[in-house]
Amino acid sequence: MSDIEQLPRLHPARLGALPPDVRRPGYARDDLRAGIVHLGIGAFHRGHQAEITEAAIEAMGGDGLHWGIIGVSLRRPDTRDALKPQEGLYTLALRSATAETLQVIGAVLGVLVAEEDPEIVLDRIAHRDTHIVSLTVTEKGYCHDPATGELNRADRDIIEDLSAVSHPVTAIGYLALGLQRRMQRGLGPVTLLSCDNLASNGDTLRRVLLAFCAEIDPALHDWVAARCTFPNTMVDRIVPKTTIDDVAHVSSALGLYDAWPVVGEPFFQWVIEDRFAAGRPQWEAGGAQFVADARPFEVLKHRLVNGSQSMMAYMGVLAGWATTDRVIAQPAVHTFISDAMARETQPTLPPLPGLDVDAYRASLLPRFTNPALGHRTRQIAMDGSQKIPQRLLAPIRDRIAAGQPFARLALGVAAWLHFLRGYDEAGNAFPIEDPLAQPMAAVMADAARQTEKLFDARTREQARVRTIAGFTPVFGDLAQSAVFVDTVAAQLELLCAHGVTGALTRVNGAA
Ligand code: CS2
């Protein structure tokens, strides 16, 4: 047992022992009841929505006390195991380069592990006090086809959930059965609130859930379609995976052992369409913005924030830069990301009335530079098949449609393809963590076979990219676009010949 673990455990009875500068729940937590069920209680939810819910609970006085959160982990028990002895309490550490604030959050009342006890999760969704079911299950948790946003009926877990629907394995299966139970109990509808980085996340959730419901119970399909709402949301805060060092640092600052704090940046944004079927917390008290249409904000964020992060991640993994602050500290990357955002991505954005997009864009580089976060490139690089379509391919399509160049965004795509080989520039191998890793590996192997006899580098890379882009679940019809194939192939050729730094220097020097 480490010294830290010997400290008294963070617990509601010990809140009085916290140092005075650590914020703590400013409401009668004993009276807090659950009104929200959250599927996928990872670091992001605890570092984002839960903090804002805490602010709403405080601001709403007695009315806030029915907006506590029951978190659900679909499979892993680790969050429940860490938070149970703490009765749900955990610390949020917000770090900039020069300062850190600590806040003990009380909004999460408990965590359920679906795999251990599916019934209790379904009952909670079907509880009369539940008004919102929110989700951060990552992009792949929607079991959709990334190129079209439709339910992926070939997904193994979806096939399983459709054939044996009493013990689901997917979030979609849990939602469908939980809502079916609500309908059967004669309870009212809920709001289904997606907080993942998917294009039109609410619309996508609605589409896949309704497709699933139609298969198992047409009456349920009609009930959900008519009564539940699915607001689109844009969520933003960088919340890396918590490390052992974070646990030690936060616990010693508290003087109490917190087994699983969360670390994030001070920046926060949450833009939500105000369409709630059964009420909502006053999240504006914590800084959330309510709008009629959140989709332009999603496009802004996925393309500028996440697109830049993904490009930095693949280049970083290839070149051996472990965290994003190290990547962006390379002058060639700094120039590249600034130019990619300003010259290629920003012109593709939809109108955003009232938003100063230049200022928004300028605010991103300091966020990426934050050295206190240690945001790992390997973490961001995961699940590229689910991320690249909305982050890089969507703006590329817009550039192609407008007849505009996109060499920088193409270098981002080429870096992903290069990363998919599974080894870095120093020859170190790494695993590809991606739900489509297997079919993509097959496509890559196919491309390698088809091109092994092509000795002209450009012809070879073109043939390679054309074959890989034929993988329609990710690329849609982009293999048909000669300019897409040629531009990505040219960048892949640069990466193969000159490595990340060499390719960046050449692209930075181009018009
Ligand atoms: C990151 C995001 O891991 C990733 O894919 O790009 O988690 C990113 O940090 C957040 O979306 C920022 O809001």
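Work out how much length R156 to E87 would gain on full extension: take 0.36 nm times their residue separation and subtract the Cα-Cα distance, in nm to one decimal.
Between R156 and E87, full extension yields 21.3 nm more.
Once the whole set of protein chains is in place, how much accessible area is left on R361, using a 1.4 Å probe, in Å² to the nearest 10?
Per-residue accessible area (R361): approximately 50 Å².
For region 295-510, what D do you get in µm² per second when you plug the Kirkwood radius from alpha-carbon pairs into Stokes-Einstein at 37 °C and 0.692 mPa s?
Translational D for this selection: 190 µm²/s.
Starting from 0.36 nm per residue, how many nanometres of slack lie between Q379 and V357 once their C-alpha separation is accounted for?
5.2 nm
On full extension of the chain, what length is gained from S252 through N428, given 0.36 nm per residue of separation minus the C-alpha to C-alpha distance?
Extra length available between S252 and N428 comes to 59.8 nm.
Gap in Å between the Cα centre of region 239-304 and the Cα centre of region 81-160?
Measuring centre to centre over Cα atoms gives 13 Å.
What angle, in degrees between 0 and 90 and rounded to the nearest 10, separates the Cα long axis of helix 218-227 from the longest principal axis of the Cα atoms of the chain?
On a 0 to 90 degree scale, this one is about 80.
Report, to two decimal places, the Cα Rg of the chain normalised by 2.2 N^0.38 Å (N = number of residues).
Taking the Cα Rg and dividing by 2.2 N^0.38 Å, one obtains 0.99.
Can you give the net charge of the other residues whose Cβ lies under 13 Å from the Cβ of Q386, counting K and R as +1 and D and E as -1?
-4
Looking at the chain, send over the antiparallel percent of its DSSP beta bridges, to the nearest 5. Don't skip to the end; give the middle numbers.
Values: 13 of 40 bridges.
Here the share of antiparallel DSSP bridges comes out near 30 percent.
Relative contact order of region 313-429: what whole-number percent is it, with Cα pairs under 8 angstrom and at least 6 residues apart?
Normalised by residue count, the contact order of region 313-429 is 44 percent.
Would you kindly find the accessible area of D78, with a 1.4 Å probe and non-protein molecules such as ligands, DNA and RNA excluded, rounding to the nearest 10 Å²?
Ignoring ligands and nucleic acids, D78 comes out at about 50 Å².
How much mean residue ellipticity at 222 nm does the chain get from its helices, if each DSSP H run of length 4 or more adds -39500 (n - 2.57) and you divide by all residues, to the nearest 500 deg cm²/dmol? Present the calculation step by step, with values, prior to reporting the outcome.
Numbers: 22 runs with 227 residues, N = 511.
Counting only the DSSP helices, I get -13000 deg cm²/dmol.
Of all accessible surface on region 295-510 at a 1.4 Å probe, what whole percent is carbon and sulfur?
The C+S portion of the solvent-accessible surface of region 295-510 is 55 percent.
Tell me which GluC sites (Glu not before Pro) from region 45-89 have a DSSP coil assignment and no more than 16 other beta carbons within 10 Å of their own.
Loop-located and lightly packed - E87.
Whole number in Å², please: accessible area per residue of region 295-510, 1.4 Å probe, ligands, DNA and RNA not counted.
Ligands and nucleic acids excluded, the figure is 39 Å² per residue.
Could you give the accessible area per residue of region 180-225, probe 1.4 Å, as a whole number in Å²?
Values: 1530 Å² over 46 residues.
With the other protein chains kept in place, region 180-225 gives 33 Å² per residue.
Mind checking which lysines have their Cα closer than 24 Å to the Cα of K84? Skip sequence neighbours fewer than 8 apart in that chain.
The qualifying lysines are K241.
Need the C-alpha centroid separation for region 36-62 versus region 180-218, integer Å.
Cα centres, region 36-62 to region 180-218: 21 Å.
Rounded to the nearest 5, what is the percent of antiparallel bridges among the DSSP beta bridges in region 1-291? Kindly include the intermediate steps, with their values, before the conclusion.
Numbers: 11 of 38 bridges.
Here the share of antiparallel DSSP bridges comes out near 30 percent.
In region 421-479, what GluC sites (Glu not before Pro) fall in a loop by DSSP, with at most 10 other Cβ atoms inside 10 Å? Mind showing how you got there, number by number?
Values: sites: E425, E433, E452, E461; in loops: E425, E433, E452.
Of the GluC sites (Glu not before Pro), the ones in loops of region 421-479 whose Cβ has at most 10 other Cβ atoms within 10 Å are E452.
Taking the Cβ of I272 as the centre, find all other residues whose Cβ is under 10 Å away and add up their charges (Lys, Arg: +1; Asp, Glu: -1).
Neighbourhood net charge equals -1.
Give me the aspartates and glutamates in straight-line cross-link reach of K453: C-alpha distance below 18 Å, same-chain residues under 8 apart excluded.
Correct list for K453: E461, E493.
The values are calculated or read from the model by the stated rules, or taken from the named source; none is laboratory data. What you are looking at is a predicted structure, and each value in this text was computed from that prediction instead of being measured. Positions of Cβ are backbone-derived with ideal geometry, glycine not excepted, and every protein chain shown enters the neighbour counts. For the accessible areas, the whole protein counts, side chains as well, though only heavy atoms, and no ligand, DNA or RNA atoms are used. Shrake-Rupley method; radii C 1.70, N 1.55, O 1.52, S 1.80 Å.
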